[in-house]
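Chemist: The structure is given below, and queries will be raised subsequently.
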Amino acid sequence: MATLVDNLTSVSNTMENILDFVAKDDELSKDFEKYLEINDIEIETEKQFNNVIIQYMLDMKMQNGLRVLEYYKRNNPSDEKIINSLLESFCGVFKVNKINSSTFDVECLTSGAEFELMPMVKMSHLKQIGKYDFIEARILELDNIQYILEIYDVISEFNLYKATTNAIKYMLQAPKSAYYKNDEQKEKLKKSASEFYKSFIDCFKNEFIVTTNKKIDNLIEYFNNYRLGKVSESYEDLIEKPEKNRYLKIEELNTDDDNFIANAISGFSSHKETYDVALWIDKKRGLYVLPFFETFMKSFKEENIEGRDDCIREFLTSDKVPPSVIKYAKENNENFFDVVNDVLNTDFTQMEELLFNTKAAFADENVFSPVTVLFNSDLFSNLVEIKKTETSEEKNKEIGRNDLCPCGSGLKYKKCCGKVV
């Protein structure tokens with residue numbers, strides 16, 4: 001079995017090879033420039049460049065929908081073992097239960113699984129991590145050993161709310177972290193997805209229903225109450241249409257917002273603009289919230305839709321959109337491949353080929369929708385109570401005269417806000 005040094009060397013060499021490949025491969029280097037342009041990223045320092053290029057390599061997709069790592073893998077089969085591990089790597093939050101000589105015993109907050117994590121740096125470099133603290137990190141598995149590839153933050157054991165919020169944020173980005181090393185939770189999600197499907201079809205008599213971002217929160221609430229047997233009235237007043245179909249760039253969910261709990265499932269209703277949003281049910285994966293679904297479908301018939309090409313590209317390449325949506329679009333549009341190839345600058349003729357390149361993440365049958373994961377997450381359910389508890393404790397905390405003043409002045413309390421005049 002490979003040693004830590006062997007694996008560390010292999011990962012380091014592979015990362016260097018990918019960096020070199022990005023710089024030398026014409027298609028990939030042009031795509032990276034496009035990535036910077038689309039995301040309005042300006043690089044001023046070498047550190048910024050390193051952070052951006054690593055995120056691009058590990059997490060991003062090319063404009064044609066293929067993950068950067070997958071593109072590299074297909075062109076460099078000799079690094080396949082490490083690339084496969086990097087492809088399966090994910091970011092999460094882990095509670096440190098025990099600090100060993102060269103490893104941490106941790107609990108994954110989202111799955112509840114307990115296992116050993118081995119840092120790819122010396123433990124002496126991680127002295128700031130204490131028992132019961134939370135580490136926000138990217139982990140990968142090699143030879144049945146879980147490694148810490150990179151640590152992004154260390155969260156105090158007393159800041160459970162931040163740790164929980166960040167864990168949920170990562171769970172939404174990588175839903176598989178909800179059942180990582182927890183087969184019982186995986187089976188629970190499978191059962192839940194199936195039950196969601198039956199309830200959805202019974203409720204709406206269709207695999208999708210469309211409204212606007214202003215009504216989607218209420219429609220989700222209606223469906224949840226319906227599946228729990230709590231409603232009998234009609235949902236017709238929750239269905240509305242936007243004045244016109246158009247595609248807009250919408251901001252990602254801000255997990256630092258105090259409204260995170262209310263916004264975590266959709267978070268679109270607060271936007272000033274009004275646009276179409278659909279609920280889509282996937283038999284294997286559960287419930288999806290899809291902004292611009294109707295706009296996407298109309299884009300195959302109407303060329304003058306605002307943001308048409310960006311909308312099509314988003315649906316084809318996003319891992320937030322399941323393959324079942326793309327198959328539905330193909331079944332209902334004779335010009336499907338003509339439009340797709342024109343937008344992506346490709347030459348696909350078969351659905352299997354298209355999905356192999358744009359929806360590779362869904363090759364794993366155990367990929368569930370973010371909504372399904374949230375509805376089955378005890379961590380998400382407990383978030384409200386965690387916030388209430390921490391707020392109450394903060395209010396009731398007694399400030400010592402020699403403690404730093406909570407106003408942030410840097411002075412002791414007795415010489416600042418607690419000064420006796």
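Chemist: With the condition being under 19 Å from the mean Cα position of the chain (by Cα), I'd like the helices (runs of 4 or more DSSP H) fully within region 285-366 carrying at least 3 qualifying residues.
Modeler: Result: 308-317.
Chemist: Another question, if that's okay. Among the residues of region 41-54, are any under 27 Å from P175 (Cβ atoms), exposed (fewer than 15 other Cβ atoms within 10 Å of the Cβ) and within 22 Å of the chain's Cα centre (by Cα)?
Modeler: yes
Chemist: Take N218 and decide whether it is modelled with pLDDT under 95 and surrounded by 18 or more Cβ atoms within 10 Å (Cβ to Cβ).
Modeler: Against the criterion (modelled with pLDDT under 95 and surrounded by 18 or more Cβ atoms within 10 Å (Cβ to Cβ)), N218 does not qualify.
Chemist: From the list D31, D26, which residue is buried (at least 19 other Cβ atoms within 10 Å of the Cβ), at pLDDT 90 or above and charged (D, E, K, R)?
Modeler: The unique qualifying residue is D31.
Chemist: Residues D105, D79: which one is in contact with a Lys or Arg (Cβ under 8 Å, 6 or more places away or on another chain) and not assigned by TED's automatic domain parsing to the domain that holds L19?
Modeler: Exactly one of D105, D79 is in contact with a Lys or Arg (Cβ under 8 Å, 6 or more places away or on another chain) and not assigned by TED's automatic domain parsing to the domain that holds L19, namely D105.
Chemist: Please give the number of the condition S111 fails out of (1) of a type outside the set (D, E); (2) within 21 Å of F380 (Cα to Cα); (3) assigned to a strand (DSSP E or B).
Modeler: Unmet for S111, out of (1) of a type outside the set (D, E); (2) within 21 Å of F380 (Cα to Cα); (3) assigned to a strand (DSSP E or B): (3).
Each row is one residue, and each column tells you yes or no for (1) of a type in the set (K, R); (2) modelled with pLDDT of 95 or more; (3) under 30 Å from E302 (Cβ atoms); (4) buried (at least 17 other Cβ atoms within 10 Å of the Cβ).
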site	(1), (2), (3), (4)
L172	no, no, no, yes
P175	no, no, no, yes
V210	no, yes, yes, yes
G229	no, no, no, no
K241	yes, no, yes, no
E251	no, no, yes, no
I261	no, no, no, no
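Chemist: Follow-up question, since we're still on this one. In region 64-108, which residue that is assigned to a strand (DSSP E or B) and basic (K, R) is farthest from K24 (Cα to Cα)?
Modeler: K98
Chemist: Would you confirm whether or not region 58-74 contains a residue that is of a type in the set (D, E), farther than 15 Å from A23 by Cα and surrounded by 12 or more Cβ atoms within 10 Å (Cβ to Cβ)?
Modeler: Yes - at least one qualifying residue is present in region 58-74.
The values are calculated or read from the model by the stated rules, or taken from the named source; none is laboratory data. All of these numbers come straight from a predicted model, not from anything done at the bench. Heads up, the Cβs are rebuilt from the backbone with ideal geometry, glycines too, and the neighbour counts pull from every protein chain shown.
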